[in-house]
Amino acid sequence: MIDLHTVPTPNGHKISIALEELGLDYQVIPYDISAGDQFKPELLALNPNNKLPVIVDHASLSDDGTPMVIFETGAILIYLAEKTGKLLSDKPDIRFQQLQWLMFQVAGIGPLQGQAHHFVRYARVQQDYARERYLNESLRQCRVLEGQLQDRNYLAGDYSIADIACWPWIRCLPLIDIHLENTFPRLFDWFTRIEQRPAVERGKNLIHGWVYQLPPNFKMELDEKTWSYSFGEEQFKPR
Ligand SMILES: N[C@@H](CCC(=O)N[C@@H](CS)C(=O)NCC(=O)O)C(=O)O
């Protein structure tokens, strides 16, 4: 049994989709990051970086006899793929292409598109330069993916953890007013192909992700406490 400590965000959905695809036995431990759950001592003991998701695999023990604990979605996806021998090729050339696109997501799309969401949807002070910069970067990343998908159905080889990592983030683009259908047709087809997978349907609905129903550029008005947990004093206080 795997404990999945998670939230209904793109990072959370990467792991619930992978667990569903792999048919692994798991239970969900939901967190509310707007209420500061990410700073609970139980979570900090698993991930000192106060981020979700985190998995605890009770079926796999570390050298000290305690269950394996893994945070950072890139590491979790590689762990799950290696545990099952699925969703990551065993042919070295394809495997490293898949890992390369996984890294493109965790080191590129997540951090930079994440900033676009921050400046478009959350920032309390209008920051035109930052907004433009991260929107342009998100569009540039879409162009890179569009190019990669010109002559293939998945990012590298068969459907893999690279596609699973990117998909929930591509799903968020309408929130920052980026729409694939006309501008990035191959990326749109890839998105639709993956969306139709039953495991993706189950994984994305695991915890209700209401945020995905918001209109483009919807400005989030966070109350003081939530702002503090996410972007203010509570987030940055030493622990
Ligand atoms: N690089 C991390 C990012 C995880 C992350 O940013 N998680 C967000 C939810 S999507 C979180 O837990 N935020 C809580 C906080 O920043 O306090 C990963 O890939 O796991």
Handout entry: Residue check, Ile178 part of a helix (DSSP H, G or I), open to solvent by less than 20 Å² (accessible area, probe 1.4 Å) and in contact (Cβ under 8 Å) with a residue 24 or more places away in the chain
Key = no
Handout entry: Conditions (1) near the ligand (Cβ under 10 Å from one of its atoms); (2) in contact (Cβ under 8 Å) with a residue 12 or more places away in the chain; number of the one not met by Pro30
Key = (1)
Problem - Residues of the stretch 43-71 satisfying the condition of being assigned to a loop (DSSP other than H, G, I, E, B) and within 16 Å of the ligand (Cβ to nearest atom) - result: Asn47, Pro48, Asn49, Asn50, Lys51, Leu52, Pro53
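I need a count of the residues in the stretch 111-156 that are of a type outside the set (A, V, I, L, M) and surrounded by 16 or more Cβ atoms within 10 Å (Cβ to Cβ).
The total comes to 16.
So, in the stretch 193-209, of the ones that are in a loop (DSSP other than H, G, I, E, B) and in contact (Cβ under 8 Å) with a residue 60 or more places away in the chain, which residue ends up surrounded by the fewest Cβ atoms within 10 Å (Cβ to Cβ)?
Of the stretch 193-209, the ones in a loop (DSSP other than H, G, I, E, B) are 196-197, 205-209.
Adding the requirement that they be in contact (Cβ under 8 Å) with a residue 60 or more places away in the chain leaves 197, 206-209.
Numbers: Arg197: 17, Leu206: 20, Ile207: 17, His208: 10, Gly209: 18.
Going through the qualifying residues, I end up with His208.
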Exercise for the section: Would you mind stating whether Phe231 is aromatic (Phe, Trp, Tyr) and in contact with an Asp or Glu (Cβ under 7 Å, 6 or more places away or on another chain)? Expected result: no
Exercise for the section: Quickly run through the stretch 79-110 and pick out the residues that are within 12 Å of the ligand (Cβ to nearest atom) and surrounded by 12 or more Cβ atoms within 10 Å (Cβ to Cβ). Expected result: Leu102, Met103, Gln105, Val106, Gly108, Ile109, Gly110
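The values are calculated or read from the model by the stated rules, or taken from the named source; none is laboratory data. Everything numeric here is computed off the predicted structure, so don't read it as measured data. Every residue, glycine among them, receives a Cβ derived from its backbone with ideal geometry; neighbour counts consider all protein chains shown. All accessible areas refer to the heavy atoms of the entire protein, side chains included, with ligands and DNA or RNA removed. Shrake-Rupley method; radii C 1.70, N 1.55, O 1.52, S 1.80 Å.
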